[in-house]
Amino acid sequence: MKNDIKNKIEQLRDEIRRHDVLYYVQNAPEIMDQQYDALFSELKQLEAEHLELVTPDSPTQRVSERPVAGFETVAHAVPMLSIDNTYNEDELQKFDERVAKGLESVTYDYTVEPKIDGLAISLRYEKGLLVRAATRGDGNRGDVVTGNIRTIRAIPLTLEGDNIPEVLEVRGEVYMPKKAFAKLNALRVDAGEPEFANPRNAAAGSLKLLDARVTATRKLAFFAYSVGQASAPLAQTHDDALGKLRDFGLPVNQVEKAKTIDNIITICHSREKTKNSLDYQIDGLVIKVNQYDQHDILGTTGRAPKWCIAYKFAAEQAETILESITVQVGKNGTLTPVANLKPVQLAGTTVKRATLHNFDQLARLDVRCGDTVIIEKAGEIIPQVVEAIVKQRDLFESKPFEIPVQCPACGGQVQKDQDGVYLRCVNPNCAAQLKQQLEYFVGKGQMNIDKLGVSLIARLVDKELVKTFADIYTLRFDQLAQLERMADKSAANVMDSIAASKTQPLWRLIAALGIRNVGGQSAQILADEFGSLDALMDAFAEQLTSIDQIGPVMAESIYDYLHDADNIKVINDMLAAGVKPSAPKEKASNVLEGMTIVVTGTLKTLTRQQIKQMIKDHGGKTSSSVSKKTALLIAGENAGSKLEKAQKLNIEVINETKFIKRIK
């Protein structure tokens, strides 16, 4: 009898899973919703009567019955990199030229797939079971949202098929279909709640809800688009790997193959014309080199692969009235004119403000208060004014906007960059700059003090409790607790968040200082090069310039910042307050110290990233081109012009086997 019930339960689960794949993956449902609901209800009833037979991967277990307290974070086994964008045919041609040069005339082809306007997610399957899901986060760490992801019926809790790797991380996009978005906003209006601006915001907000039962009502969907970590290779090409994911029961979007960049351009034009017919928003197409071993050859920059690019569709435009112009003050004192607009719908959002970039651009556009203007979204993200319709201007009332001669926030002196376009407040005590600097300092990509929000920072500066970065680390509980709208628990959370940031990696502290021209990638290079803050502060400008990827302008900014008496005092005060950044991982050896090494050709046992990391771990530096400074060339199969050039320059050439022996 019990075996009969167990078999019936398994039969129902298999049937429901099959219909989930037919409906959500193959878009070919076989039964009506009522029939599906009947199967589900029958399974739920049987499991309720036999709790010992309930398993975590049952279709009934998608929704957790209790909210979570918060989201933990997790490191991605393989970083989730960004993708560089391109906006026209010329940039696509240049991308293809870079690929051809990097592959040294080896034959290659591409895949083209829609760039869905959603939220990037990594799904980790172990032995075919979904064990964890995480957001992209900063690319290295993301929030664990497994409970909410389990509510998405397009995502299988158990993979199906043969030859599934023991460990498989599937990368993809969670999105909200247009119909689900319209229905959700209608419900919010009825409930007196504010509408979501666009489907992407709705999807992101739904995925970060603490109650999965609410997420389940949002009708989110998913498309898989790549593989992260895998314990066994899936395929040799991206196209074949997506086919494998589809075989495992994962939804995969329409992918086209293209042999030439001209084929890709034709596909781009065709897809742009039909994008509005889709039940989900796309803002472009993603073009990838198809062959995986060629990905290794082409490599990545600090933030994006060189074998992949996103073609963004032309920005949508709208016409509205520019009601006023205000001036914002940035963290480096930059004064930026901002257009305040009569609200208008643009690319799925209500736009009230748009950037005018700088005062030179404002003068070129000759945009004035009261003008009818055309706005668009740069990359469909940042609204900007692109044109004033002069023929509709009131010539008697209209006046050009006066360029500030004083900082609008502090009244301090302003100065234009030498040979530049930006006007800056040069008052070191400007409160507006300080607020921006502090917001950047505590940001996710820097010190990650997540409990210090914009509003709290503004109150701390206005109360003169925080005047420098160092003051963050001398804040007391009683100072926070006495602030308006600050409960004891909130104050304690802020103190905990500050304390946790004291041991952030060195590169994060360097980035957080906001040195002009220095971002996260440059900060990591500096941290790896010098190993400690003291060593970096003692460096001469010539030392900085000699570092690969640190140019003279950046070197000058770094040197000037770290030799300014006020900045030195702030840094020393932070260290005295207990900030102790963790040092970069120690090198395995110095056997390659001082050597610049180039890798070319197809490697047999290592990926391009693995061998580059090994070079770095043993004291060496990598370069993408052969020159007189090159000390060693590691050549794989089908090494081309780089090998020839190295031989002409009498540069030592070895294969990967000899390289591995050398560093042991």
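Just so you know, all these numbers are worked out from the coordinates, no wet-lab data involved. For clarity, every value in this text was computed on a predicted model and none was experimentally measured. Note that each Cβ is placed from the backbone with ideal geometry, even for glycine, and that neighbours are counted across all protein chains shown.
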Study note, to complete from the structure: Quarter of the surface of the C-alpha convex hull for segment 127-184, i.e. direction-averaged projected area in nm², equals 5.2
Check your understanding: Roughly what % of DSSP beta bridges within the chain run antiparallel, to the nearest 5?
Key -> 85
Review point. Calculated from DSSP H runs of 4 or more alone, at -39500 (n - 2.57) each and per residue, what is the 222 nm mean residue ellipticity of the chain, nearest 500?
Key: -10500 deg cm²/dmol
Review point. By the gyration tensor of its Cα atoms, with a ≥ b ≥ c the square roots of the eigenvalues, what is the shape of segment 596-663: rounded for a/c under 1.5, prolate for a/b over b/c, or oblate?
Key: oblate
Check your understanding: What list of ³J(HN,Hα) couplings, whole Hz, do you get for segment 471-481 from phi and the Karplus terms 6.51, -1.76, 1.60, once you set θ to phi - 60° and write x for glycine and proline?
Key -> 5, 4, 8, 10, 4, 10, 4, 5, 5, 6, 5
Check your understanding: Which aspartates and glutamates have a Cα less than 17 Å from the Cα of K569, not counting those fewer than 8 places away in the same chain?
Key -> D471, D534, D538, D560
Point to revise | Reach of K208 by Cα under 20 Å, taken over aspartates and glutamates that are not fewer than 8 positions away in the same chain | key: E65, E72, D117, D138, D143, E173, E193, E195, D450
Exercise for review: Please work through the chain and write down the cysteines that have no neighbouring cysteine Cβ at a distance under 4.7 Å.
Suggested key: C268, C308, C369
Check your understanding: Residues with amide H under 5 Å of L632's amide H, sequence separation 5 or more or different chain, H placed in the peptide plane at 1.01 Å from N; which?
Key -> T596, V598
Review point. Is the shape of segment 506-576 rounded, prolate or oblate, going by the alpha carbon gyration tensor and its root eigenvalues a ≥ b ≥ c, with a/c under 1.5 for rounded and a/b larger than b/c for prolate?
Key: prolate
Point to revise | segment 271-310 - charge dipole about Cα centre, Lys and Arg +1 at Cβ, Asp and Glu -1, debye rounded to 20 | key: 120
Point to revise | Three-way shape call for segment 85-310 based on the alpha-carbon gyration tensor, with the a/c threshold at 1.5 | key: oblate
Practice item. Please report the relative contact order for the chain, taking Cα pairs under 8 Å with a sequence separation of at least 6, and give it as a percent rounded to a whole number. Key: 9
